[in-house]
Amino acid sequence: MEIKKKDIRALTKEQLRAFFVKEGDKAFRGNQVYEWLWQKAAYSFDDMTNISKETRQMLEDNFVINHIRVDTMQRSNDGTIKNAVRLHDGLIVESVLIPTSTRTTACVSSQVGCSLDCKFCATSRLKRMRNLNPDEIYDQVVAIDNESRLYHNRPLSNIVFMGMGEPLMNYNNVIKAIDKITSKEGLGMSPKRITVSTSGVPKMIKKMADDEVKFNLAVSLHSAVDEVRTSIMPFNETFPLQDLRESLEYWYTKTQRKISYEYVVWKGINDTQNDIDAFVKFCKYVPCKVNIIEYNPIDDGEFQQASNEALENYIRTLEQNRIVVNVRRSRGKDIDAACGQLANKT
Ligand code: SF4
């Protein structure tokens with residue numbers, strides 16, 4: 001009978017050290033292997049050149065390294081890169097490198113598919129198949145960092161959890177991945193350069209505040225009118241805006257860190273003065289900044305980008321109310337890598 005080998009990256013450093021002691025080796029060997037697994041992102045035990053051949057074989061007999069593989073990589077005219085990433089069980093997720101003149105951002109996935117049903121999002125059409133493990137999230141970042149160095153001559157500078165899936169529905173693994181990304185034994189990135197973007201799960205926002213996380217929080221709001229938000233993000237019925245507001249107030253009281261609201265304006269959906277006024281009111285509850293995001297139609301359906309006039313009206317009203325607003329042009333549209341377009345089409 002074939003014995004199922006354990007994923008070695010599921011072990012903590014202490015567990016790895018204990019394993020080597022049990023095998024009659026030194027605990028220090030665990031540190032060396034741990035460094036290969038995370039900081040050096042080794043694909044195989046054979047890569048671990050300062051470990052003896054016998055020890056590498058022993059590791060091979062007991063463990064696997066479930067490293068992701070970049071299945072296909074597409075490059076957009078604007079420099080954006082989209083990776084279709086194959087996981088050890090054959091499932092695929094996507095991640096994106098977004099370069100600008102000042103930064104290179106990785107947009108990573110946290111789940112295969114998504115259990116939420118945002119009507120404007122291509123990922124929602126793939127049912128949630130499973131959560132990603134911490135190492136699968138970490139590997140996406142490493143792959144994009146390598147591509148950033150190769151194609152843009154600079155390391156990755158920022159990470160957003162805005163790819164496939166709702167990160168707060170895979171909270172523990174996302175936190176473990178961020179711990180590795182920010183650790184000196186991992187990529188050593190500052191948590192200030194990491195943003196977790198959620199559709200708004202109040203209880204988990206409060207938990208993040210309690211856990212004193214150091215990264216940034218973004219909320220895909222898209223409407224501050226319950227009726228409208230529920231029609232486009234049906235889980236708003238379970239987590240209405242009042243609950244979301246309370247959780248954001250809790251977050252700010254505990255962390256003193258501003259929230260970013262991601263907001264798309266769609267024609268005939270959230271482009272009236274009433275929508276604008278409700279949003280401005282919501283923005284005043286907690287210190288925030290707003291990112292108005294250009295929409296990328298996923299088909300010819302009901303969601304179409306609002307008129308310039310409606311967008312300008314939003315921007316003007318927000319600015320008149322002293323709310324910082326950025327307009328984010330979408331990147332990588334020609335390769336379906338823009339916001340809301342990730343759907344494993346490659
Ligand atoms: S927008 Fe985010 S939370 Fe909503 S369905 Fe798409 S991936 Fe899931």
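The values are calculated or read from the model by the stated rules, or taken from the named source; none is laboratory data. For clarity, every value in this text was computed on a predicted model and none was experimentally measured. For neighbour counting, all protein chains shown are included, and Cβ atoms are generated from backbone atoms with ideal geometry for every residue, glycine included. Side chains are part of the model used for accessible areas, which takes the heavy atoms of the whole protein and leaves out ligands, DNA and RNA. Shrake-Rupley method; radii C 1.70, N 1.55, O 1.52, S 1.80 Å.
See the values below:
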quantity	calculated
Listed residues N83, N170, N274, most fluctuating in the chain (Gaussian network, C-alpha, under 10 Å)	N274
With Cα atoms, 0 to 90° folded angle of helix 27-37 axis to the chain main axis	50
222 nm mean residue ellipticity, helices alone, for the chain (DSSP H n ≥ 4; -39,500 (n - 2.57); rounded to 500)	-10500 deg cm²/dmol
Long-range amide H partners of L126 with built H, under 5 Å	C114
Cβ-derived FRET efficiency at R0 51 Å, D78 paired with A18, nearest 0.05	0.55
For the range 111-121, Karplus couplings with θ = phi - 60° (6.51, -1.76, 1.60), whole Hz, Gly/Pro x	9, 8, x, 7, 8, 7, 10, 5, 5, 9, 10
Degrees separating the helix 241-255 axis from the principal Cα axis of the chain, which is the longest one	60
Range of Cα positions in the range 1-130 per principal axis (Å), largest first	56, 40, 23
Mean separation of Cα contacts under 8 Å, 6 or more apart, over the residue count of the range 30-154: relative contact order %	16
Rg/Rh ratio calculated on Cα atoms of the range 74-217 (Kirkwood radius)	0.95
Average Cα contact separation per residue, the range 183-253, under 8 Å, 6 or more apart, as relative contact order %	36
Relative contact order [Cα under 8 Å, 6+ residues apart], the chain, whole percent	14
Sparsely packed GluC sites (Glu not before Pro) within the range 157-231, loop by DSSP, other Cβ within 10 Å at most 13	E212
Per DSSP, loop chymotrypsin sites (Phe, Trp or Tyr not before Pro) in the range 3-33 with at most 12 further Cβ within 10 Å	none
Highest-fluctuation residue, N173, N296, N62 considered, GNM on the chain with Cα pairs under 10 Å	N62
Rg ratio (alpha-carbon, reference 2.2 N^0.38 Å) - the chain	1.06
Cα-based helix-to-principal-axis angle, 53-62 vs the chain, degrees rounded to 10	60
Solvent accessible area, Å² - Y34, 1.4 Å probe, full protein context	20
The chain: most fluctuating residue of Q304, Q15, Q140 per GNM, C-alpha cutoff 10 Å	Q15
C-alpha center-to-center spacing [the range 70-92, the range 266-327] in angstrom	31
Cubic angstrom per residue, convex hull over Cα atoms of the range 202-337	117
Share antiparallel - DSSP beta bridges, the chain, percent rounded to 5	40
Range of Cα positions in the range 96-166 per principal axis (Å), largest first	37, 26, 15
